[in-house]
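The values are calculated or read from the model by the stated rules, or taken from the named source; none is laboratory data. The shown structure was predicted, so the numbers you read here are calculated from the model rather than taken from an experiment. Keep in mind that these areas ignore ligands, DNA and RNA; they rest on the heavy atoms of the full protein, side chains included. Shrake-Rupley method; radii C 1.70, N 1.55, O 1.52, S 1.80 Å.
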Amino acid sequence: MYDSNQVPDELFSTLLAYLEGLQGRARELTVQKAEALMQKLDEAGGMDPLPQGKTQRIRQVLQLLS
């Protein structure tokens, strides 16, 4: 879901609307995975090891679900 090749930008808002309805373990797991990716970024010391745009999507998901 973080890859714009898999989920085009024009559909990402639809995905966010779907994720907003997640509950229970599905929501927890989605947040855990996003947080793990953000931790990977932090450990990279400011160098973004993820493809461009992916970081922004991760932040959007975390903001929505946290």
Exercise for the section: For the range 31-41, state whether one or more residues are among the β-branched types (Val, Ile, Thr), at pLDDT 95 or above and open to solvent by 60 Å² or more (accessible area, probe 1.4 Å). Expected result: no
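When the range 5-20 is examined, which residues are found to be open to solvent by less than 50 Å² (accessible area, probe 1.4 Å) and not hydrophobic (A, V, I, L, M, F, W, C)?
Pro8, the sole residue that qualifies.
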